[in-house]
1. Out of Arg130, Arg74, Arg100, Arg143, I need the residue that is at pLDDT below 95 and out of contact with any Phe, Trp or Tyr (no Cβ under 6 Å at 6 or more places or on another chain). Which one?
2. Just one of Arg100, Arg143, Arg115, Arg74 is of a type outside the set (A, V, I, L, M) and closer than 21 Å to Asp216 by Cα; which is it?
3. For region 54-156, which fully contained helices (runs of 4 or more DSSP H) count at least 3 residues that are small (Gly, Ala, Ser)?
4. Please go through region 171-199 and pick out each residue that is closer than 30 Å to Thr125 by Cβ and acidic (Asp, Glu).
5. Is it fair to say Ser162 is at pLDDT 95 or above, more than 18 Å from the chain's Cα centre (by Cα), surrounded by fewer than 21 Cβ atoms within 10 Å (Cβ to Cβ) and among the small types (Gly, Ala, Ser)?
6. Report the residue count in region 1-43 for those that are more than 22 Å from Met202 (Cα to Cα), over 16 Å from the mean Cα position of the chain (by Cα) and in a loop (DSSP other than H, G, I, E, B).
7. Output the number of residues of region 142-184 satisfying the condition of being free of Cβ contacts under 8 Å to residues at least 60 places away in the same chain, among the aliphatic types (A, V, I, L, M) and either more than 26 Å from Thr231 (Cα to Cα) or touching a Cys at 6+ places or on another chain (Cβ under 9 Å) (or both).
Amino acid sequence: MKSILITGASAGIGAACAKAFLHAGWQVGLLARRAEALHAVADGHAHAHILPCDVTDPADVDAAFGAFHAAVGRLDVLFNNAGMFGRAAPIDGLAIEEWRQVVDVNLHGMFYCARAAFALMRQQTPMGGRIINNGSISAHAPREHSVAYTTTKHAITGLTKSLALDGRSFDIACGQIDIGNARTDLLEGIIAANPDNPPPTMNVDDVARAVLQMADLGPEANVQFMTIMATKMPYIGRG
């Protein structure tokens, strides 16, 4: 039975992916800060492993990853998903503390989780695994007033490329999924702020199916970059 650890699994894309992988018969580690929310997503599933963890604390991350590996026996896939958007503001309207919070979660947290997964995957037998980073359409084309989020998502593309290269010697594949306008709580706030001109959206379950497709590939194949987005969102051309 394959195993996956999903960060940010308490809500949104992470929760949808956790449910999809449990339904597909995987051992699933659900990692986020709120244990109660993780239990609600797992709904008592026998193959769900609840891992309360703050991704901005590297010791907390190492402990959670170690506990999952000990319980399951190996880590086949990490879906490095935990992230936050932060308050929308121009750069001079964003407090330094707000900048640091987004960078801590979106960049440092994803680095810590990728580092922990890489260490386990290169040491386990058989060696290897797969890391899937959650990028964003903002890694290519930002929203207005999203300087912290956009900067971190560009950095994640660099992380993905470096891990894909460094992982070759250890049979560790790394790819990135760039998601645009999945209908989650995060997007609901954007919709509520634009009631007269709501953005096009897509079902979050479509994202979960895409992540499952990437994760389920054989070790000799890798989706390096996938973009999945609401069909009519203004990303290509002038919209």
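The values are calculated or read from the model by the stated rules, or taken from the named source; none is laboratory data. Worth saying up front: this structure is predicted, and the values here are computed from it rather than measured. Positions of Cβ are generated from backbone atoms using ideal geometry, with glycine treated the same way; all protein chains shown enter the neighbour counts.
1. Numbers: Arg130 fails: at pLDDT below 95; Arg74 fails: at pLDDT below 95; Arg100 fails: at pLDDT below 95.
Going through Arg130, Arg74, Arg100, Arg143 in turn, just one is at pLDDT below 95 and out of contact with any Phe, Trp or Tyr (no Cβ under 6 Å at 6 or more places or on another chain): Arg143.
2. Values: Arg100 fails: closer than 21 Å to Asp216 by Cα; Arg143 fails: closer than 21 Å to Asp216 by Cα; Arg115 fails: closer than 21 Å to Asp216 by Cα.
Only one candidate qualifies: Arg74.
3. On the way: elements: 58-72, 96-103, 110-123.
The qualifying helices (runs of 4 or more DSSP H) are 58-72, 110-123.
4. From region 171-199, those closer than 30 Å to Thr125 by Cβ are 171-177; that's our starting set.
Passing the criteria: only Asp171.
5. Spelling it out, it is not the case that Ser162 is at pLDDT 95 or above, more than 18 Å from the chain's Cα centre (by Cα), surrounded by fewer than 21 Cβ atoms within 10 Å (Cβ to Cβ) and among the small types (Gly, Ala, Ser).
6. The qualifying residues number 6.
7. Qualifying residue count, region 142-184: 5.
Conditions (1) under 12 Å from Arg130 (Cα atoms); (2) among the small types (Gly, Ala, Ser); (3) at pLDDT 90 or above, marked per residue:
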| residue | (1), (2), (3) |
| --- | --- |
| Pro198 | no, no, no |
| Val204 | no, no, yes |
| Ala208 | no, yes, yes |
| Met214 | yes, no, yes |
| Glu220 | yes, no, yes |
| Phe225 | no, no, yes |
| Ile228 | no, no, yes |
| Lys232 | no, no, yes |
| Ile236 | no, no, no |
